[in-house]
Amino acid sequence: MSEKKSDYVRCRVILEMLGKPKEHIEKTIKDYIQKIREDGNFLVLKEKFSEPESKDELWAVFSEFEMVVKGIPALIGFCFDYMPSSVEIIKPEEFLLKNIDISNFINDLQAKLHTVDMVAKKLRMENDFLKRNIAKSFENYITTLLKLKSMDMKDISKFTGIQENDLSAFLKKLAEEKKIKKEGEEYSLV
C-alpha cells in the first residue's frame, strides 16, 4: 500500500497487565508503552496509567492511550504483538480496502493463528509429558515409602507434601492398578 494521509489510523487503545509485586507491574506497563513508542509503526499521542489495584494477591494496572498507526496491517500486527484488551478506531470513519489488501490481511491472520496453534500444541505436549513424569515420580516415591512400612493417608501426605484431598484420588488409582492396597486406613504394597 502506498502511504498517504488516508492510510493512517488513529485509535484509542487499552492495555491491561496483571502480576506481582506491585512495583514490578507498574514498571512493566510503562516499559511496554515505551516499547510501543519506539516502534516506527506507531505514534503514541497521549497516555494515562491507572493506579494499581489488588486482585486475588495480584496487581492489575492498565494504560489507555491514543496512537496513530501506519495502516490496517500495522494495526492488526499491533493487536497480535501487544494483545490490547480494547481498540477503538477514531479516524478514519470509513475504509476503502482493495481485495489484495484483504487477502494479505487474511493470509497474515492465518499465519499468526498457525503460529499460535503450534505453540499451544507444543505446550500441551510438554504439559502432558510433565504430568506423566510427575505422576510416575510420585508413584515411585509412594511405593518406596510403602516398602519401608504401611502408612495411612496422613503419613503419606506428610512425607510427600501432597495434600490429603489431592492424594486420595492418586492412591485410589494406584490401588485400582493393583500397585498398592488399602486395608482399613493403611496403605501397603501389593
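If a residue has to be hydrophobic (A, V, I, L, M, F, W, C), part of a helix (DSSP H, G or I) and either in contact with a Gly (Cβ under 6 Å, 6 or more places away or on another chain) or farther than 16 Å from Gly184 by Cα (or both) to count, how many in the range 133-170 make the cut? Show your work before the answer.
If we filter the range 133-170 for residues that are hydrophobic (A, V, I, L, M, F, W, C), which is where we start, we get 134-135, 138, 142, 145-146, 148, 151, 153, 156, 159, 162, 167, 169-170.
So of that shortlist, the ones also part of a helix (DSSP H, G or I) come out as 134-135, 138, 142, 145-146, 148, 153, 156, 159, 167, 169-170.
Next, from what is left, pick out any that are either in contact with a Gly (Cβ under 6 Å, 6 or more places away or on another chain) or farther than 16 Å from Gly184 by Cα (or both): 134-135, 138, 142, 145, 148, 159, 167, 169-170.
Of the residues in the range 133-170, 10 are hydrophobic (A, V, I, L, M, F, W, C), part of a helix (DSSP H, G or I) and either in contact with a Gly (Cβ under 6 Å, 6 or more places away or on another chain) or farther than 16 Å from Gly184 by Cα (or both).
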Checklist entry - Do any residues in the range 35-57 that are of a type in the set (Phe, Trp, Tyr) have Cβ atoms under 7 Å from those of residues that are assigned to a strand (DSSP E or B), where the two are at least six apart or on different chains, and which pairs are they? => result Phe42/Met67; Phe42/Val69; Phe49/Val61; Phe49/Ser63
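Going residue by residue through the range 112-120, is there one that turns out to be among the basic types (Lys, Arg), modelled with pLDDT under 90 and outside the structural domain of Ile76 (by TED's automatic domain parsing)?
Narrowing the range 112-120 to residues among the basic types (Lys, Arg): 112.
Applying the additional criterion that residues be modelled with pLDDT under 90 yields 112.
If we keep only those that are outside the structural domain of Ile76 (by TED's automatic domain parsing) as well, we get 112.
Checked against the condition, which is being among the basic types (Lys, Arg), modelled with pLDDT under 90 and outside the structural domain of Ile76 (by TED's automatic domain parsing), the range 112-120 yields at least one hit.
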Checklist entry - Which residue, of Glu94, Glu51, is under 30 Å from His24 (Cβ atoms) and part of a loop (DSSP other than H, G, I, E, B)? => result Glu51
Checklist outcome for this item: Of the candidates Ile134, Ile156, the one satisfying the condition of being loosely packed, with under 13 Cβ neighbours inside 10 Å and among the β-branched types (Val, Ile, Thr) is Ile134
Item to check | Subset of the range 8-34 that is touching a residue at least 12 places away in the same chain (Cβ under 8 Å), β-branched (Val, Ile, Thr) and over 15 Å from Gly77 (Cα atoms) - its residue that is surrounded by the fewest Cβ atoms within 10 Å (Cβ to Cβ) | outcome: Ile14
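Answer with yes or no whether Val116 is surrounded by 10 or more Cβ atoms within 10 Å (Cβ to Cβ), under 24 Å from the mean Cα position of the chain (by Cα), part of a strand (DSSP E or B) and of a type in the set (Val, Ile, Thr). Don't jump to the end; show me each part of the working.
Details: surrounded by 10 or more Cβ atoms within 10 Å (Cβ to Cβ): yes; under 24 Å from the mean Cα position of the chain (by Cα): yes; part of a strand (DSSP E or B): no; of a type in the set (Val, Ile, Thr): yes.
Answer is no for this residue.
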Next on the checklist: Take Ala60 and tell me if it is at negative phi and either of a type in the set (Phe, Trp, Tyr) or not in a helix (DSSP H, G or I) (or both).
Outcome noted: yes
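The values are calculated or read from the model by the stated rules, or taken from the named source; none is laboratory data. This one's a predicted model, so the numbers in the text were calculated from it and none came from an experiment. Glycine gets a Cβ as well: all are built from the backbone with ideal geometry, and neighbour counts include every protein chain shown.
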